[in-house]
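Only one structure is covered here, and it is reproduced in the block below.
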Amino acid sequence: MNKSPTVSSEPRRYELRFQSLFNAGRSYAFPCDAAGHVDMDGLSDTARENYLYARTVVGVEYSVPAVIVSAAH
């Protein structure tokens, strides 16, 4: 019997993840769209400051960010 894959009715959620270059367990992750655009107005003040910091230190402390499917649904 052929079964078609189950399609979730929930839209996928994405996050923009900045991984530490020096500590594998450390990263920053921010909600974004599939293209990696972060709604800065939707972030808390602390999250906004962290996002701007992470962007500033790409290549120094954090890797170039990657868009990944969010594990939290």
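Readers should treat all values here as calculations from the given coordinates under stated rules, not as data from a laboratory. Quick caveat, the model's predicted, so the values are computed rather than measured. Don't worry about glycine lacking a Cβ; one is built from the backbone with ideal geometry, like all the others, and counts go over all protein chains shown.
How many nm separate the modelled label positions at F22 and A34, each set 7 Å beyond the Cα in the direction of the Cβ?
Each label point lies 7 Å from its Cα, and together they span 3.8 nm.
As a test of understanding, state the convex hull volume per residue of region 14-69 from its alpha carbons, in Å³.
Cα-based convex hull of region 14-69, divided per residue, equals 72 Å³.
Using a 10 Å cut-off on Cβ atoms, rank the peptides 49-56, 13-20, 25-32, 36-43 from the highest mean neighbour count down.
Result, highest mean first: 13-20, 25-32, 49-56, 36-43.
Set the Förster radius R0 to 22 Å, insert the Cβ-Cβ distance between Y53 and R12 as r into 1/(1 + (r/R0)^6), and round the FRET efficiency to 0.05.
0.25
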